[in-house]
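Q: Sharing a structure here in structure tokens format.
The values are calculated or read from the model by the stated rules, or taken from the named source; none is laboratory data. Just so it is clear, the model here is predicted, and its values are computed rather than measured. Here Cβ is always computed from backbone atoms with ideal geometry, including for glycine, and neighbour counts include all displayed protein chains. Calculation scope for accessible area: heavy atoms of the full protein, side chains included, ligands and nucleic acids excluded. Shrake-Rupley method; radii C 1.70, N 1.55, O 1.52, S 1.80 Å.
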Amino acid sequence: MKLRPERGILPAESLEDAADRAYRLQRVSERLAEALTPQQVLDAVLTEGLRAAEARAGAIGAISENGETIELLAQRGYRDNVLTDYARFPVTADLPMSHVARTGKPLFISSMAERNTLFPSLRGRGQDGHALAVLPLTLEGRLIGVIGLSFGQDMEFSESRRQMKVTLARQAALALERARLYEAESAARDRFAFIAEASELLSSSMEYEETLSRLAQLAVPRLADWCSIDMVGEDGEIERLVVAHEDPEKVRWAKELQERYPPNAAAPHGVGYVIRTGQPEFLPEIPAELIDAAIGDDEELRRIVNELGLHSSICVPLNARGRALGALSLVAAESHPPYTQADFALAVELARRAGIIVDNARLFREAERGANAARALAYVADGVVLLDRDGIVRHWNTAAAAITGVAEEEALGERVEDVLPAWESLSAHMPLVRPGEQAARPVTVPLTIQGRELWVSASGVDFGEGTVYALSDVTDEHALETARAEFVATASHELRTPLAAVYGAIRTLRRDDLQLTDEEENAFLEMIESETGHLSQIVDQILLAGQLDAGAVEIELGECNPADVASAVIESASVHLPDGVSLRLARNGTQRIVCDENKLRQVLTNLIDNAVKYSPDGGQVEIRLAAEDGECLIQVADEGLGIPSSELERIFEKFYRLDPQQTRGVGGSGLGLYICRELVERMNGRIEVDSEPGRGSRFTVALPAG
Ligand code: ADP
């Protein structure tokens, strides 16, 4: 190309040249208009643009956001190593592009010699270059990059040539910005779509572990090469929930790595830092020193990390209610470009939503667990009372309400002493243990609650934030225990009295110094006979009661005539009838019944014995037989001591006696009526009593007719 004069009238061929240049610029504009992505813009500038400018080579650099560095985006026509050698250089460098970036003005250099004068550091470099044009890429006064053009020969740049290059640069800047905006907009659209998709996923289920795992899969490869989510476990340990990568082999590898190098909660960077501080960490470019520090001397780890090629990362906390529940990490490695502010904002938003979901799911689980516990507590037989540290009732289950007679709604939120005055005497005796300690034996305390005499067994656990008490109503057990203790006393007395009599009689009979008449001897022998009979009766009762308890009594049902059984019992009872007591059978039509004849005999014997026994002042004992509605009623009525109505139920209980101290001198084991009721019920019948104290009692046995 010839050198053209700078001023004056352009010759005719110059007009042609100008038209040609205009045409070429037009072509560049068309190509640039078609370019959608920044890459397409760069391609268009470095092909059509170079051709239009008649340049041999060209390169385009972008100014970093902070305006401090120039990053070479693309080149055409230079040697391959240019892109690596000048990948990124500071605006302060002694280089033509840096110079233009600093001044914001185009720079035209006619020859290598001029270049070397201006930029001494370039001396000896770029031997193949001659003239050079470096132009700022500006938009509304804002510098976004620099374009450099190298020409195949030295040349003076005429005004029109200069103008042409400036126009090219302006067009390139516009196209580049437009493509960037377009790209940013479609990226924003993608991000928005991703957030929408992720939100739908996050709200799809309460199983947040599953949902977060799927979220990590969704993020790969759209947001990251690697996506992992770590959660804070119950004991504060960091637990990896998921790690996702497109290649399952790499995931397996990452899991192994995780096991070998578990996350460090105290680490100054990464997951540990983010969870500890609740602050996100954004590393657009992971600094080599950071990787070095993390690796230490571990060569094996260094090899792995190098192979992974991690270069940019975002780690954001899953925060909820001021606490970090976990962290979401996105890492760019082999395929993903370095992260931008927009990516970071997206990650923050994603983590915010995930944090809420995890928190909600946990609250829901907690509530559900609480509801299940409450449901369980509502059905347990023991009363459960939970007091907070201030002694306010926080839980009062159904059984607690039943035992204390205080309804749940009356108790909740109140001081326990206010709703249950007896509490004070209860808690005074109650042993409290700490969680995990061996429970102390519950104490059993008598309480009068709303006029009821109760025995309550209670124990408590003090867990720091409050105390939980277990109460049970052991009134029945306590009564049985008392009766049993009384039985031991009664039974020993009952056994000792006849034994003493028998012993005394035998000693008397054996005495040589006493001359007994036949009559006297007979009286002693009869006494021995009757007392031993009495003894064996008591022993039989004890044995039978034990067998009944064990379910070891066999009932052989058959048909029999109750009148015959009653007559036989009366006959044998009549033999030892005390003075003043008479026995009589009254039948008002009878019918055969279904029963075990021996057991019925035993029942009637007991009832008649009692009737006689509890008529210490004499009177008539009548056995009445009647048929009624398919049943046979056998009544034993006396005119003796009678039974207070409050005791009518209890006399059938095992060991229960009205008068354990035997103030009326009437002994017994407290087992007779218990045995009667058990036997009658096993024969499909029932036994009832009515009585008037001082006037007598009437026991009725009803058995099914045959
Ligand atoms: P015991 O061996 O003490 O007689 P029971 O079980 O036969 O035991 O009777 C229980 C209690 O019921 C007795 O202690 C007595 O107080 C009362 N009782 C039973 N039968 C009569 C009755 N016919 N008249 C009055 N009290 C009775």
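Q: Considering only residues of segment 563-601 that are of a type in the set (K, R) and surrounded by fewer than 19 Cβ atoms within 10 Å (Cβ to Cβ), which is farthest from the ligand (Cβ to nearest atom)?
A: Among residues in segment 563-601 that are of a type in the set (K, R) and surrounded by fewer than 19 Cβ atoms within 10 Å (Cβ to Cβ), the one farthest from the ligand (Cβ to nearest atom) is R592.
Q: For V251, work out the one condition from (1) open to solvent by less than 30 Å² (accessible area, probe 1.4 Å); (2) assigned to a loop (DSSP other than H, G, I, E, B) it doesn't fulfil.
A: Here V251 meets the rest and fails (2).
Q: Pick from V456, V406, V393, V445: which is surrounded by 14 or more Cβ atoms within 10 Å (Cβ to Cβ), in contact with a Leu (Cβ under 8 Å, 6 or more places away or on another chain) and in a loop (DSSP other than H, G, I, E, B)?
A: Checking each option against the conditions leaves just V406.
Q: Name every residue in segment 423-440 that is more than 11 Å from A458 (Cβ to Cβ) and assigned to a loop (DSSP other than H, G, I, E, B), in order of residue number.
A: Within segment 423-440, R434, P435, G436, E437, Q438, A439 meet the criteria.
Q: Only residues that are open to solvent by 20 Å² or more (accessible area, probe 1.4 Å) and either of a type outside the set (D, E, K, R) or under 60 Å from the mean Cα position of the chain (by Cα) (or both): list them for segment 56-71, please.
A: Within segment 56-71, I63, S64, E65, N66, G67, E68, T69, E71 meet the criteria.
Q: Tally the residues that are of a type outside the set (A, V, I, L, M, F, W, C) and crowded, with 17+ Cβ neighbours inside 10 Å, restricting the search to segment 298-347.
A: Adding up the residues that qualify gives 10.
Q: Working only within segment 602-623, note down all residues that are open to solvent by 20 Å² or more (accessible area, probe 1.4 Å), within 28 Å of V553 (Cα to Cα) and more than 9 Å from the ligand (Cβ to nearest atom).
A: Within segment 602-623, Q602, T605 qualify.
Q: Just to be sure I understand the filter: pairs with C-beta atoms under 7 Å, separated by 6 or more residues or on different chains, first member in segment 540-564 and in contact (Cβ under 8 Å) with a residue 60 or more places away in the chain, second member within 16 Å of the ligand (Cβ to nearest atom) and part of a loop (DSSP other than H, G, I, E, B). Which pairs pass?
A: Final answer for the pair search is Q541/S669; Q541/L671; I542/S669; I542/L671; A545/K654; A545/L671.
Q: What pairs come up if the first residue lies in segment 669-681 and is closer than 18 Å to A611 by Cα and among the β-branched types (V, I, T), the second is within 8 Å of the ligand (Cβ to nearest atom) and open to solvent by 10 Å² or more (accessible area, probe 1.4 Å), and their beta carbons are under 8 Å apart, counting only those six or more places apart or on different chains?
A: Going by the 8 Å Cβ cut-off, the qualifying pairs are I675/Q541; I675/N606.
Q: Right, here's the next one. Are there any pairs with C-beta distances below 6 angstrom linking a residue in segment 620-643 that is part of a strand (DSSP E or B) to a residue that is open to solvent by 40 Å² or more (accessible area, probe 1.4 Å) and among the small types (G, A, S), with the two at least 6 apart or on different chains, and if so which?
A: Q620/S582; A627/G589
Q: Working only within segment 235-247, note down all residues that are under 15 Å from A327 (Cα atoms) and open to solvent by 20 Å² or more (accessible area, probe 1.4 Å).
A: Correct list: G236, E237, I238, E239, R240, L241.
Q: Check whether at least one residue in segment 542-556 is buried (at least 16 other Cβ atoms within 10 Å of the Cβ) and away from the ligand (no atom under 16 Å from the Cβ), and report yes or no.
A: yes
Q: Next question, about the same structure. Considering segment 143-156 alone, what residues qualify as being out of contact with any Gly (no Cβ under 9 Å at 6 or more places or on another chain) and modelled with pLDDT of 90 or more?
A: I144
Q: Can you pull out the helices (runs of 4 or more DSSP H) entirely within segment 471-584 that have at least 1 residues that are within 30 Å of L387 (Cβ to Cβ)?
A: Because the criterion is at least 1 residues that are within 30 Å of L387 (Cβ to Cβ), the helices (runs of 4 or more DSSP H) in segment 471-584 that meet it are 475-510.
Q: Ok, one more. Quick check, is S669 open to solvent by 20 Å² or more (accessible area, probe 1.4 Å) and within 10 Å of the ligand (Cβ to nearest atom)?
A: No: the conditions fail for S669.
Q: Within segment 682-705, is even one residue open to solvent by 60 Å² or more (accessible area, probe 1.4 Å), within 12 Å of the ligand (Cβ to nearest atom), farther than 30 Å from E477 by Cβ and in contact with a strand residue (DSSP E or B) (Cβ under 7 Å, 6 or more places away or on another chain)?
A: yes
Q: If the requirement is being modelled with pLDDT of 85 or more, surrounded by 13 or more Cβ atoms within 10 Å (Cβ to Cβ) and closer than 16 Å to V358 by Cβ, which of these qualifies: L201, L223?
A: L201
Q: May I ask you to verify whether G145 is part of a loop (DSSP other than H, G, I, E, B) and small (G, A, S)?
A: No: the conditions fail for G145.
Q: Being more than 15 Å from P136 (Cβ to Cβ), open to solvent by less than 60 Å² (accessible area, probe 1.4 Å) and aliphatic (A, V, I, L, M) is the filter here, so list the residues in segment 74-108 that pass it.
A: A74, V82, A87, A93, listed by residue number.
Q: Shifting gears a bit: Out of the residues in segment 624-652 that are under 60 Å from the mean Cα position of the chain (by Cα) and near the ligand (Cβ under 8 Å from one of its atoms), which is surrounded by the fewest Cβ atoms within 10 Å (Cβ to Cβ)?
A: E647
Q: Can you name every residue in segment 36-49 that is touching a residue at least 40 places away in the same chain (Cβ under 8 Å) and surrounded by 20 or more Cβ atoms within 10 Å (Cβ to Cβ)?
A: Hits for segment 36-49 are P38, V41, L42, A44, V45, G49.
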